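Undergrad: Here you go, one structure.
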Amino acid sequence: MEPAGTLASRLKELRARGWSGVQVTQKQVADTLGTSAPLVSSWENASVVPPEERVRALARFFASPRSLGRGLLTDDLLTPDEERHRRGLIDELIALREKALNDGQAQTPTTTGALGGRFWHFPDSHPVMIAHNTLEPDPDGLVEEVHRPVFLRDDQAAGRPWKLSEPAQPGDEGFPQLEYDVALLARLANPLNLDATLTLCAGIFSRGSYGAVRALTDAKLRGRNEKFLYERDRDADQRASLRPFWMLVHVPVLGRETITPDLNRPFHRVRGSLQVRRPARRRRPPPGPADRNGLTAGPHAHCIRLGVASASVVVRSG
């Protein structure tokens, strides 16, 4: 039997007692997720740790008993209570997954620089250039996933239409109110000078761009978010800066306020290249091409690009 407080035991508990009066089999879970019952069993007996994408799918599955009859429900089909339950399960299950993977915690990096952290500190004395642009999607590659912002809905009205903001002046229509935006936070090698860097902070809306910047500048969460990044970068303590990485994040919006994303909260992390740091078994291969979007930067500067993406953020491979 797996000890309490592990991912395996929690998955088994959700399947056996997650829905009152409903007994769910491993085959039912497997059929809904498009996998096999033996694989689900391996997750529950801790012989295999499921990938993060599977954990998020499991959270969506257990968010609603209707998953048994209709498959994984999209966001617009979940009730507000089910959506809150899904988000809570994401936070809980991914934290348990990371606990299962993490054999040891890295030391907290030493803080340097005027902001009190390492992310926005460049010790090589290269100049820093801040640019603003609209990010154009790369036409090459294969589209894997599309991530879009979520708007507040009026649960009391038929069809659950979007909630609209107050009109700027009489006769105008309001705008749909954001619940959270999607933003890209990335640090890459400057394609014109591999000794410098290119940092991207780009949301679908300006709220997302602002939230991506705030993730590493907000005095209340900056240190916590930096610790998250450096703990997932092997040998970061022996280097001046992070390795190239990318991350899609949810940026919550509350009324007129943009809430700083907490990178330690799994729901705020959509996808990314950073993984829980594990003991090294082989040398990491050198980073691949640093710039797939045709972005340019000053050849002698660390470039920070702030921009608004298109109507969706696309994760591409190919």
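Undergrad: How far, in nm, would the chain grow between Asn45 and Asp195 when pulled straight, counting 0.36 nm per residue and subtracting the alpha carbon separation?
TA: Net length gain for the segment: 49.4 nm.
Undergrad: At 7 Å along Cα-to-Cβ for each site, give me the label-to-label distance between Leu164 and Arg148 in nm.
TA: About 1.9 nm, to one decimal.
Undergrad: Can you tally the net charge around His268? Count Lys and Arg as +1, Asp and Glu as -1, for every other residue whose Cβ sits under 11 Å from the Cβ of His268.
TA: My count for the surroundings of His268 gives +1.
Undergrad: Any idea what Rg and Dmax come out to for region 7-101 if you just take the C-alpha atoms, in Å?
TA: 12.3, 35
Undergrad: Could you order the peptides 8-16, 198-206 from most to least packed, using the average number of other C-beta atoms within 10 Å per residue?
TA: Highest-to-lowest ranking by the protection proxy: 198-206, 8-16.
FYI, it's all coordinate maths here, none of it is from the lab. Just so it is clear, the structure is predicted and the values come from calculations on it, not from any experiment. Glycine gets a Cβ as well: all are built from the backbone with ideal geometry, and neighbour counts include every protein chain shown.
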